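Here is the structure we will look at, set down as structure tokens.
Since every read-out is calculated from the coordinates, none of them should be taken as a lab result. These figures come from a predicted structure and were not determined experimentally. Neighbour counts run over all protein chains shown; Cβ positions are idealised from the backbone, glycine included.
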Amino acid sequence: MSTMSPQLTTPTATPTPVVLPRTAAILWLVGTALVALAAYYFIGVDQGATSVFGHNMAIHEFVHDARHLLGFPCH
């Protein structure tokens with residue numbers, strides 16, 4: 001004789017989609033694009049000598065390993 005307890009079934013709720021207003025979606029898209037372009041510049045383009053933010057190598061040295069990990073040449 002099996003002593004299994006009866007399974008209780010609960011009604012499953014239907015998922016509701018997230019509705020994002022068009023203006024909020026555009027703001028998120030523009031913000032994400034700006035952050036991505038800034039990250040691309042600092043990791044992939046900033047070379048120190050041709051830097052927009054002065055002629056020091058601080059940013060270049062800070063992201064140096066990330067440059068090589070992502071395949072950007074820097075020397």
Label-point separation, residue 29 to residue 61 (7 Å along Cα→Cβ), nm
4.2
Sort 19-32, 59-72 for me by packing, meaning the mean count of neighbouring Cβ atoms within 10 Å per residue, highest on top.
59-72, 19-32
